[in-house]
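Written below as structure tokens is the structure these notes are about.
The values are calculated or read from the model by the stated rules, or taken from the named source; none is laboratory data. Note that the structure is a prediction, hence the values are computed from the model and not measured. We place every Cβ from the backbone using ideal geometry, glycine too, and count neighbours over all the protein chains shown.
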Amino acid sequence: MIKMDSTENTFQGLARRIIQTHQALQIAVIKAVNSYLTIRNWLIGYYIVEFEQNGEDRATYGGHLLSKLSAKLNIRGLSETNLKNARQFYQVYPEIRQLLTDEFTNAN
């Protein structure tokens, strides 16, 4: 816990300290969420590409894979367009795989 000095031991000091704390942590939360959404989107793209390249049902789904998948998932933010973007993101940045591997290997 951070102790407030006597110059901050006023109502204004209390309010300023709370605002600063809120703003600093809000920025950290946004950065963390953005990082995790980037990882999520890359992984979704990876799963789709792997399925398209190796999936047994590929011929069955054909060009309708992403629309059927979006309908099946029924998750806000994972529309057919978002799934297309995730697939493209994976295809453009395949090297993220190594970053993820390194990150999760070092975490253990």
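A few comments on the model shown:
- Some residue of the stretch 17-36 being modelled with pLDDT under 95 and in a loop (DSSP other than H, G, I, E, B): no
- Selection from the stretch 37-60 of residues that are at pLDDT 85 or above and over 22 Å from the mean Cα position of the chain (by Cα): Glu52, Gln53
- Selection count where residues are modelled with pLDDT of 90 or more and either among the hydrophobic types (A, V, I, L, M, F, W, C) or assigned to a helix (DSSP H, G or I) (or both), scope the stretch 1-16: 6
- Some residue of the stretch 71-86 being in contact with a Gly (Cβ under 6 Å, 6 or more places away or on another chain), surrounded by 13 or more Cβ atoms within 10 Å (Cβ to Cβ) and basic (Lys, Arg): no
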